[in-house]
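Step one of this worksheet: look at the structure below.
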Amino acid sequence: MKYSFEYIEKWIETDSFANKLLNISYFSKIQLKDYVSYIWNKEFGDNVTLIELAEHRNVSKQAISDNIRLAKDNVDKAMATFILGVYANLIPLESIMIYMELLELLRDAKESESELAFQKMRKKMMIILDELL
């Protein structure tokens with residue numbers, strides 16, 4: 001498993017973007033760790049299973065599955081909240097473009113093949129988040 005729980009724990013603790021994401025999201029730290037370790041390892045060709053993650057954490061496969069499901073639900077809830085805010089005019093018109101730019105950068109960062117390109121996009125996202133928060 002290329003992205004271990006220790007690696008992800010260090011990422012959450014040391015990366016200011018990860019900390020902001022955790023602080024402004026619905027995620028618990030355990031949900032985020034399970035979700036990120038599962039998704040990152042899958043995307044980078046490491047066919048990690050829920051059973052392997054469960055064995056590594058000494059919990060049941062169901063607990064890992066629940067955390068991943070809850071994390072996905074929370075991502076959906078965050079997107080739904082954003083869309084509702086736009087349609088209900090709760091998000092000021094002036095800031096909609098900033099949010100759209102942030103969503104675009106998030107998509108580009110996720111699809112990026114290069115670690116350097118990902119880091120540059122993450123820096124741009126941090127600047128945008130600092131302006132918003």
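The values are calculated or read from the model by the stated rules, or taken from the named source; none is laboratory data. In this text, all values refer to a predicted model and were calculated from it rather than measured experimentally. Because the Cβ atoms are built from the backbone with ideal geometry, glycine has one as well, and the counts that use them run over all protein chains shown.
Quick notes on this structure:
- Residues within the stretch 1-25 that are of a type in the set (D, E, K, R), part of a helix (DSSP H, G or I) and modelled with pLDDT of 70 or more, tallied: 4
- In summary, Tyr99 fulfils each of the numbered conditions (1) modelled with pLDDT of 70 or more; (2) under 20 Å from Ile8 (Cα atoms); (3) not polar (S, T, N, Q) with the single exception of condition (2).
- Residue among Asn74, Asn89 that is modelled with pLDDT of 65 or more, surrounded by fewer than 12 Cβ atoms within 10 Å (Cβ to Cβ) and among the polar types (S, T, N, Q): Asn89
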